[in-house]
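Structure, as structure tokens:
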Amino acid sequence: MEGSIAANLLAVEERIARAAREAGRDPAEITLVAVSKMHPAALVKAALRAGHKSFGENRVQEALKKYPALREAFPDLVLHLIGPLQTNKAREAVLNFDVIETLDRPHLAAALAREMEKRGRRPPCLIEVNTGEEPQKSGVLPREADAFIALCRDRFALPVEGLMCIPPVGEEPSLHFALLREIAKRNGLSRLSMGMSADFEIAILFGATEVRVGTAIFGAREET
């Protein structure tokens with residue numbers, strides 16, 4: 001098991017490096033976030049033993065079951081929250097995640113600001129933009145992104161460092177990556193979390209600094 005996870009990680013890292021070079025970028029600028037949602041802790045441990053440090057989880061409760069013991073053994077791991085965050089989970093998110101990628105509404109911004117002040121911990125935040133304006137998805141709409149970024153910075157003093165998006169299935173992802181890049185550029189944001197197993201090489205071409213890859217590393221998810 002450990003050998004296959006290590007081989008998968010190496011293969012993805014090589015693809016990232018190749019895509020970066022083709023885009024005229026330094027591969028070191030791009031962080032691979034290994035998406036471990038619905039995968040057992042044993043597979044995460046295999047990736048950690050292979051030297052990988054950055055992981056992404058969709059659900060706070062799943063992460064709380066899986067990662068405390070892993071963090072004890074590997075204290076330098078970096079855990080990203082990449083799924084929708086309920087306001088009543090803001091405390092747990094602030095205490096247990098190192099990056100929160102799905103900030104998308106004022107009530108959540110207020111809750112995170114309160115918890116950061118109480119807990120003395122300020123994990124970097126990325127604002128999720130619903131670039132496809134899909135009603136079933138979370139994320140601020142593109143036309144509202146500038147105002148929301150300003151609100152998070154000015155009213156709530158949140159550590160907003162970048163943006164995140166998930167393009168609609170079946171649409172050309174480059175259009176969405178270009179839109180996210182433009183919103184980030186005009187707001188002076190340097191981090192772009194975009195691109196998954198099927199399209200991360202395209203995302204790198206459009207400036208991704210973090211790519212979220214699960215299936216290509218861990219295989220098919222164990223659906224529950």
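The values are calculated or read from the model by the stated rules, or taken from the named source; none is laboratory data. Since we're looking at a predicted model, the values are computed, not measured. We place every Cβ from the backbone using ideal geometry, glycine too, and count neighbours over all the protein chains shown.
Can you list residue pairs whose Cβ atoms sit under 6 Å apart, with the first residue in region 84-101 being under 20 Å from Ala69 (Cα atoms) and among the hydroxyl-bearing types (Ser, Thr, Tyr) and the second being in a loop (DSSP other than H, G, I, E, B) and modelled with pLDDT of 95 or more? Count only pairs 6 or more apart in sequence or on different chains.
That search, which allows pairs on different chains as well, returns nothing.
Say whether the condition of being within 25 Å of Met116 (Cβ to Cβ), small (Gly, Ala, Ser) and crowded, with 22+ Cβ neighbours inside 10 Å is met by at least one residue in region 149-159.
Within region 149-159 (the criterion being within 25 Å of Met116 (Cβ to Cβ), small (Gly, Ala, Ser) and crowded, with 22+ Cβ neighbours inside 10 Å), the answer is no, since none of the residues qualifies.
Just a yes or no: is a residue in region 180-193 touching a Pro at 6+ places or on another chain (Cβ under 6 Å), among the hydroxyl-bearing types (Ser, Thr, Tyr) and closer than 24 Å to Leu79 by Cα?
Looking through region 180-193, none of the residues is touching a Pro at 6+ places or on another chain (Cβ under 6 Å), among the hydroxyl-bearing types (Ser, Thr, Tyr) and closer than 24 Å to Leu79 by Cα.
Examine region 169-185 for a residue that is in a loop (DSSP other than H, G, I, E, B) and either under 16 Å from Ile30 (Cα atoms) or within 19 Å of the chain's Cα centre (by Cα) (or both), and state whether such a residue exists.
yes
Kindly indicate whether Ala208 is aliphatic (A, V, I, L, M), assigned to a loop (DSSP other than H, G, I, E, B) and within 23 Å of Cys152 (Cβ to Cβ).
It is true that Ala208 is aliphatic (A, V, I, L, M), assigned to a loop (DSSP other than H, G, I, E, B) and within 23 Å of Cys152 (Cβ to Cβ).
For region 24-50, give me each residue that is assigned to a helix (DSSP H, G or I), in contact with a Lys or Arg (Cβ under 8 Å, 6 or more places away or on another chain) and surrounded by fewer than 22 Cβ atoms within 10 Å (Cβ to Cβ).
Answer for region 24-50, where residues must be assigned to a helix (DSSP H, G or I), in contact with a Lys or Arg (Cβ under 8 Å, 6 or more places away or on another chain) and surrounded by fewer than 22 Cβ atoms within 10 Å (Cβ to Cβ): Pro27, Ala41.
Within region 119-148, count every residue that is free of Cβ contacts under 8 Å to residues at least 24 places away in the same chain and either buried (at least 19 other Cβ atoms within 10 Å of the Cβ) or charged (D, E, K, R) (or both).
Looking only at that region, the number is 3.
Determine whether region 84-96 contains at least one residue that is assigned to a loop (DSSP other than H, G, I, E, B), modelled with pLDDT of 95 or more and among the β-branched types (Val, Ile, Thr).
There is no residue in region 84-96 that is assigned to a loop (DSSP other than H, G, I, E, B), modelled with pLDDT of 95 or more and among the β-branched types (Val, Ile, Thr).
On the basis of being surrounded by 16 or more Cβ atoms within 10 Å (Cβ to Cβ) and touching a strand residue (DSSP E or B) at 6+ places or on another chain (Cβ under 6 Å), does Leu9 make the cut?
So Leu9 fails the test.
So which pairs qualify, if the first residue must be in region 41-52 and touching a residue at least 60 places away in the same chain (Cβ under 8 Å), the second must be crowded, with 17+ Cβ neighbours inside 10 Å and of a type outside the set (Val, Ile, Thr), the Cβ gap must be under 6 Å, and the two must be at least 6 apart or on different chains?
Leu43/Phe218; Ala47/Ala34
Please verify whether Ala113 is touching a Lys or Arg at 6+ places or on another chain (Cβ under 9 Å), surrounded by 13 or more Cβ atoms within 10 Å (Cβ to Cβ) and over 23 Å from Val44 (Cα atoms), treating the condition exactly as stated.
Taking the combined requirement at face value, the residue satisfies it.
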